[in-house]
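Please read the structure below before turning to the comments.
The values are calculated or read from the model by the stated rules, or taken from the named source; none is laboratory data. Everything numeric here is computed off the predicted structure, so don't read it as measured data. Here Cβ is always computed from backbone atoms with ideal geometry, including for glycine, and neighbour counts include all displayed protein chains. Side chains are part of the model used for accessible areas, which takes the heavy atoms of the whole protein and leaves out ligands, DNA and RNA. Shrake-Rupley method; radii C 1.70, N 1.55, O 1.52, S 1.80 Å.
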Amino acid sequence: MRHSLALAAIIFSTIAGRANAQRCRGCMSEDTIVRTHFAPGFGVHFGSPQKASAAMGVVLGQSWQRNGADHSRLFALYAEPGVSAGRASLAFLDYGYGSFGSGVGIAATAMRTWNDPWTAKENMSYGGVEILLWPIVFVGPRIGMFRTINGTATKPWFMSLDFGIGL
């Protein structure tokens with residue numbers, strides 16, 4: 001229970017640091033300087049095929065401010081163990097659209113299933129592409145299309161869908 005609370009606190013503090021709720025446009029000058037940064041990345045997801053999972057990884061990229069909004073283009077490398085599957089992904093993330101920190105991402109993902117996953121066959125390896133959408137700062141759905149890498153399956157393709165906070 002304490003580990004779950006600690007993980008939730010880390011995730012929410014990471015998201016809160018990006019919110020910029022206390023900044024007023026007239027109080028600060030525009031910061032158009034591009035800054036390179038390297039940071040840890042976290043996330044939690046609920047959906048198919050993993051049921052529930054936690055993502056942990058690193059993020060490298062550039063951030064800047066334009067028209068009073070933060071913008072970033074980032075690369076993320078993360079592992080995501082879950083209840084019924086595990087993933088490893090390399091993603092390109094682009095966010096800073098609108099006033100809610102909306103963004104999109106695309107990821108190349110390798111996945112291994114176990115323990116009765118949703119919409120996928122158990123004990124199989126898959127490779128695929130995922131689209132990550134964040135209508136609000138790093139909160140939103142992730143949609144993926146996967147194909148079996150090893151083994152035989154009557155349906156070699158499957159689609160994943162989950163909802164998450166963070167990576």
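Of the residues making up segment 141-164, those that are among the polar types (S, T, N, Q) and open to solvent by less than 30 Å² (accessible area, probe 1.4 Å) are T148, S160. Quick check on segment 70-92. Is at least one of its residues of a type in the set (D, E, K, R), surrounded by fewer than 15 Cβ atoms within 10 Å (Cβ to Cβ) and at pLDDT below 95? Taking every residue of segment 70-92 in turn, none turns out to be of a type in the set (D, E, K, R), surrounded by fewer than 15 Cβ atoms within 10 Å (Cβ to Cβ) and at pLDDT below 95.
Checked against the criterion of being assigned to a strand (DSSP E or B), under 28 Å from R147 (Cα atoms) and either open to solvent by 30 Å² or more (accessible area, probe 1.4 Å) or at pLDDT 95 or above (or both), segment 21-42 has at least one qualifying residue.
Residues in segment 111-140 that are open to solvent by 70 Å² or more (accessible area, probe 1.4 Å) and touching a residue at least 40 places away in the same chain (Cβ under 8 Å): W118, T119. Of the residues making up segment 112-165, those that are among the β-branched types (V, I, T) and within 20 Å of K51 (Cβ to Cβ) are T113, T119, V139, I143, T148, I165.
Annotation note: of S48, S53, S102, the sole residue that is within 19 Å of G164 (Cα to Cα), open to solvent by less than 70 Å² (accessible area, probe 1.4 Å) and in contact with a Gly (Cβ under 6 Å, 6 or more places away or on another chain) is S53.
Condition first: β-branched (V, I, T) and touching a residue at least 24 places away in the same chain (Cβ under 8 Å). Now tell me which residues in segment 143-167 satisfy that. Correct list: T148, I149, I165.
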